[in-house]
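> Can you read through this structure? Questions will come right after.
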Amino acid sequence: MDRSRFNPSISTAYFPNKVPSPYWSSTTNAGFTDSAWLVHFYYSTDGASIKSNIAYVRAVRGGQCKVNVRVRVLGNGKGVVTAVPGEIDFMHPATSEAVSTLLALGTEIVLTATADEYFTTYWLDCASAGGIVSGNGTSIATCSFSSLDSSKSVTAILSRDFPWPMFLPAITNSTQP
C-alpha cells in the first residue's frame, strides 16, 4: 500500500486490475480472534474486521524469498574458494570469509575450494548443512547444494596436512595412528 496514493492506493503497474476495495490479510486480530486485519486499497487504510464480512483476497507468497551462503576458511593452507552462482571468489589466507549474493530459493550452487600445490582441501560441515561433498583430502574439493531451501553456512579447511587424525578412530576403531 502506498499512503501517498488514493483510489487505488497501490501501484497499478505492479498490481494491475486491482479493485480499490478492502483485502484480507492472513493475520488474525490478537485482541479479538473473530476478526482479522485487512488493507483497504481505496482509502489507503488498514484495520480489523469480523471474519464473516466480505472482502477480496490476493494470493501472495509468504516467507523468505532469497537466501545466501556464507563460506568460512580455516587452516594454514593457501588457495582459492569460488561459488557458482553467488559471486564468491577469494584467496585464503588473504580473506577467510565471504557471503554470496542473494539467491532465489531452489537455486543450485557449487562451492569449490582449490588448494595451492602441496596443500589439501576439506569441507568440514557441508554434509551436515545438507550439501554433497566430493574431493575431500585432495587439492580440489566441492560442496554442492542441489536446491537451496534456506541460507547456509559452511567451512572449508585448507591445510598442508589433511586432518586424518580426526577420522582415524572411525577407520581403525583406535585413537592411535
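The values are calculated or read from the model by the stated rules, or taken from the named source; none is laboratory data. Just so it is clear, the model here is predicted, and its values are computed rather than measured. For neighbour counting, all protein chains shown are included, and Cβ atoms are generated from backbone atoms with ideal geometry for every residue, glycine included. The protein model used for the area step is the full one, side chains on, heavy atoms only, and it has no ligands, DNA or RNA in it. Shrake-Rupley method; radii C 1.70, N 1.55, O 1.52, S 1.80 Å.
> Would you mind telling me which numbered condition in (1) hydroxyl-bearing (Ser, Thr, Tyr); (2) out of contact with any Leu (no Cβ under 6 Å at 6 or more places or on another chain); (3) open to solvent by 20 Å² or more (accessible area, probe 1.4 Å); (4) in contact (Cβ under 8 Å) with a residue 24 or more places away in the chain Ser100 fails?
Single failed check for Ser100: (3).
> Of the conditions (1) open to solvent by less than 20 Å² (accessible area, probe 1.4 Å); (2) among the aliphatic types (A, V, I, L, M); (3) not in a strand (DSSP E or B), Val73 satisfies every one except a single condition; which number is it?
(3)
> Among the residues in the stretch 85-96, are any under 30 Å from Ser25 (Cα atoms), touching a strand residue (DSSP E or B) at 6+ places or on another chain (Cβ under 8 Å), open to solvent by 30 Å² or more (accessible area, probe 1.4 Å) and in a strand (DSSP E or B)?
No - not one qualifying residue is present in the stretch 85-96.
> If you don't mind, there's one more thing I want to ask. I want to confirm something. Restricting to the stretch 33-49 and keeping residues that are within 33 Å of the chain's Cα centre (by Cα) and open to solvent by 60 Å² or more (accessible area, probe 1.4 Å), which single residue is modelled with the highest pLDDT?
Going through the qualifying residues, I end up with Trp37.
> When only residues in the stretch 98-124 that are charged (D, E, K, R) and closer than 21 Å to Arg160 by Cβ count, which is nearest to the chain's Cα centre (by Cα)?
Only one residue fits best here, namely Asp116.
> Name the single residue, out of those in the stretch 104-160 being in contact (Cβ under 8 Å) with a residue 24 or more places away in the chain and acidic (Asp, Glu), that is least open to solvent (accessible area, probe 1.4 Å).
The residue in question is Asp125.
> Moving on to the next point. Among the listed residues Gly131, Gly47, identify the single one that is among the small types (Gly, Ala, Ser) and in contact with a Cys (Cβ under 6 Å, 6 or more places away or on another chain).
Working: Gly47 fails: in contact with a Cys (Cβ under 6 Å, 6 or more places away or on another chain).
After applying the criteria, what remains is Gly131.
Residue by residue, here is whether (1) touching a Phe, Trp or Tyr at 6+ places or on another chain (Cβ under 8 Å); (2) at pLDDT 90 or above holds:
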{"site": "Leu74", "(1), (2)": "no, yes"}
{"site": "Pro85", "(1), (2)": "no, yes"}
{"site": "Ile88", "(1), (2)": "no, yes"}
{"site": "Leu124", "(1), (2)": "no, yes"}
{"site": "Ser144", "(1), (2)": "no, yes"}
{"site": "Arg160", "(1), (2)": "yes, no"}
{"site": "Met166", "(1), (2)": "no, no"}
